[in-house]
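Trainee: Here it is, the structure, as structure tokens.
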Amino acid sequence: MGQDGALKTQLMTWCRKQRINQMALDVCGRLRSFDLNQEPECDRDTFIEESGGSIGGHEDEEADELVGAIGVDDVMKLTFDTEEEAGEFYNLYAKLSGFGIRKSNAKRDADGISRFRKWVCCCEGYRNEKWYNYEDRKREAKPITRTGCGACFRVKYDIESVKYVVTRFIMEHNHPLASEASVQHIRSHRKVSDAEYAQAKSLKLVGARICQIMKHFVIKAGGYSNVGFCIKDLYNRMDEERRKDIFNGDAEGALGFLAAKKDADDIVFGDVLVFDTTYKTNKYHKPLVVLAGVNNHLNSTIFGCALLSDERIETYEWVLSTFVEAMKGRKPVAVMTDGDSAIRRAIKNLLPDACHRLCSWHLHRNARSNIRCEEFNNRFYNLMARKCSTLEFEDRWARLVNECGVVENEWVKKLYRRRRLWAEAYLRDHFFAGMRSTQRCEKMNAFLNEYLNEKMRLYEFVRSFDLAIAWLRHTESKAVYTSENIKPVLTTILPELEGSAAEVFTRNVFFMVRKHLNRQELLISEGWSEDGGSRTYYYSKYGGHEISWRVDYDRSMEKLICSCMKFESKGIPCAHMFRVMVVEGMNRIPEACISKRWTKGVHCTNNGMKAFVADEQLTQMARYDTLKSSCNTMCYYASYMDDAFNDLQQMFDKHSVDLKEKWIDRGYGGDGFAMDSRVRNDRSRRTFGLLDPRVSRSKGDHKHAEAKKKRKCGHCRCEMQRLKEMVWLCMEVAAVTTDRLQSNTGLGIVFCYVSVG
């Protein structure tokens, strides 16, 4: 074997023995391909055998001997296939020696082939004199790192051999070299490898912060000195890769991702729409509108989302029209909102036939902040949810406002004028899938906040939002499996009707239906009447004869209609209907009493893996995690045995070199981000022709609103600043008054408090 082969083998085995870091091991493994036409005479097994089987530990004398054995004549004989290989070799030599390197001048021909490349010591050159004489310095000057060191390494492309040959190598330095413990902090020896970045990105997608990811690498490597990079390097690498994804702009990247997924999902269960706006989900402070609902398993589902540029009526109309277009023209029959005026008007203009309902939770919260009467708030909440006739509601409302003394309150008057939007008495004949508030959206927002944050750019936002949707689809597929493959235990005294419900309805809906099936036992018959082919039954609850219900039964059509309107509002048969089924001797629930929306056969056709169409990058990350997990078991057992460890390490090194060559040959390698800034900002090159939005302020931007919000008195709502001024005025008066006027001063203070609050 030639001198160059022996030199490379020495570097390779020494680096392996020292276990510097994973990056260095990869570099050492690739040293075999540096023009080695023969197999090394001194392989890893021979080296370990000579060293007594030890793969750990370090002897400074041995390191100095190996590095010192490298002479100028040895290096001048080396040849390299690529410029990158030459740079890796010199960087490895620099790390073993104790200095850092950086690229210097180079020359490329018209075809882009590098004709020569020069690397210099990191201490090469001198700092510009102007930085020494800087007069308006506001911080301490950076330490001097340039000493004019002349150490360098230069290669030239040889046309005849089609390789890079060494033309210059200067070993001498004019500065002290770093110790082994300090060399890890030199910039050229700190690098986040592609494998480490892939692992970091997968952890980032599941919500881990970069500081937590860094701790994971530290624990896995056995200490900070073995990681090979610092946390700042990890931040920079993550930011660099993010910019590659959005090099045409944040908005362009986000729209491109959404355009690729728009045909992957169909929207179902959009008959009831929950319209909610949330904030603090992106760095532009744009409000996020979540369009949500409930599926046939009573689970929350998201139909879509929209980041709005503003909160005008026209903007909300665009959101609704786009939603209807995605629904293929099918408009929702009911919409629930938090009461925003712009949203209400948009719904009235775009969905005039839809029943609009205000969120009961938001109304109750507003009542507590506007009416400081606990009795009114409690009675108002009960009346809002009470299932009664409109006449009973009007009577109870009149008594409520009179007894609580809020008849002339303007907020109460405005609330009453909008009673058809929140009172159950006016809404109980409309289908809302059992929802009375936007709390499903609120819980959904809390779930999304695990994936989203106020510092996210648009591209990161849509990717994280898509991941959240994938998780929801996963839970939906689990609910489908449970409903279709697991049968519930029948517990009622009516197994025929209960079994019919279990066969038809999904699991969660069945449990809700069974409650009403059990309640039918508490009903007392108040008589019945018959008119032709129809019968009318009257029932009251045991112990509560003041309330009665009427059930009309059409025998020819097997159709039941109850005055409680449970079926109209929730889509499930009520206890009164079940009582009639028992009286009529039915063994199965009639088809007319089954809402297809809650049945097992109706579910999203795109659930499971089909619903989540992964792009190429996510597929690569999934493969990476699968392979990494597959290797864990093998590495665990090999770590106990010296021979197994050595064999496995050699196999990893060999296949790493081969796979990286294929990775480069197939075009996965290279830096696609190194483009001129004018190209990145050229709007004509953008697919959608959009620039990134500006950071704006929305209605829900409480962070900035609270800064200007003035504190008010808890009793009269007057500004606290005025109250403080009056108190200080009275204290000054008290300080200068005589003992004879002290009592009057006390009255003055009381008067000031009364006048202010």
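Trainee: Rounded to the nearest 0.05, what FRET efficiency is calculated for Ser193 and Met634 with R0 set to 22 Å and r the Cβ-Cβ distance?
Mentor: Values: r = 21 Å, r/R0 = 0.94.
My answer for the efficiency is 0.60.
Trainee: Here is a further query. Report the full-extension gain for the segment Asn128 to Val582: residue separation times 0.36 nm, less the Cα-Cα distance, to one decimal in nm.
Mentor: 153.8 nm
Trainee: Using R₀ = 51 Å, calculate the FRET efficiency as 1/(1 + (r/R₀)^6) where r is the Cβ-Cβ separation of Glu325 and Ile170; round to 0.05. The partial results should precede the final answer.
Mentor: On the way: r = 69 Å, r/R0 = 1.35.
About 0.15, to the nearest 0.05.
Trainee: For the pair Asn378 and Asp353, how long in nm is the line joining their label points, each one 7 Å along Cα→Cβ?
Mentor: 4.5 nm
Trainee: When the chain is fully extended, how far beyond the present Cα-Cα distance does Asp395 get from Trp318, taking 0.36 nm per residue of separation? Let's see the in-between values first.
Mentor: Values: separation 77, 0.36 × 77 = 27.72 nm, distance 4.09 nm.
So the chain would gain 23.6 nm between Asp395 and Trp318.
Trainee: With the cut-off at 29 Å, tell me which of the pairs Lys77/Lys142; Lys138/Lys191; Lys515/Lys596; Lys331/Lys600 have Cα atoms farther apart than that.
Mentor: In this structure, Lys77/Lys142; Lys138/Lys191 exceed 29 Å between Cα atoms.
Trainee: Please list, ordered by chain and number, the residues whose modelled amide H lies under 5 Å from the amide H of Leu273; skip anything fewer than 5 residues away on the same chain.
Mentor: Ala334, Val335, Met336
Trainee: Also, I was wondering about something else. Checking the a/c ratio against 1.5 first, then a/b against b/c, what shape does the Cα gyration tensor give for the stretch 112-161?
Mentor: Prolate.
Trainee: For the stretch 344-358 and the stretch 629-660, what is the separation of their Cα centres, given in Å?
Mentor: 64 Å
Trainee: What residues from the stretch 569-593 fall in the zone where the backbone N is under 11 Å from a label point 7 Å along the Cα-to-C-beta line of Met557?
Mentor: Flagged as within label range: 592.
Trainee: Further, regarding this structure: Please list, by residue number, every one of the trypsin sites (Lys or Arg not before Pro) in the stretch 193-236 that is coil in DSSP and has at most 14 other beta-carbon atoms within 10 Å. Show your work: numbers first, answer last.
Mentor: Numbers: sites: Lys201, Lys204, Arg209, Lys215, Lys220, Lys232; in loops: Arg209.
Here the sparse-neighbourhood loop sites are Arg209.
Trainee: Further question: By how many nm would the segment from Val602 to Glu484 grow when fully extended, if each residue of separation counts as 0.36 nm and the alpha-carbon distance is taken off?
Mentor: So the chain would gain 41.3 nm between Val602 and Glu484.
Trainee: Restricting things to alpha carbons, tell me how big the stretch 465-544 is in terms of Rg and Dmax, in Å.
Mentor: 19.0, 59
Trainee: Now for a different question. Within the stretch 93-112, list the residues whose amide N lies under 20 Å from a label point set 7 Å along Cα→Cβ of Ser179.
Mentor: 94-100
Values in this text are rule-based calculations from the coordinates and carry no lab data. Given the structure is predicted, the values throughout are model-derived calculations rather than measurements. All Cβ positions, even for glycine, are placed from backbone atoms using ideal geometry, and neighbour counts span all protein chains on display.
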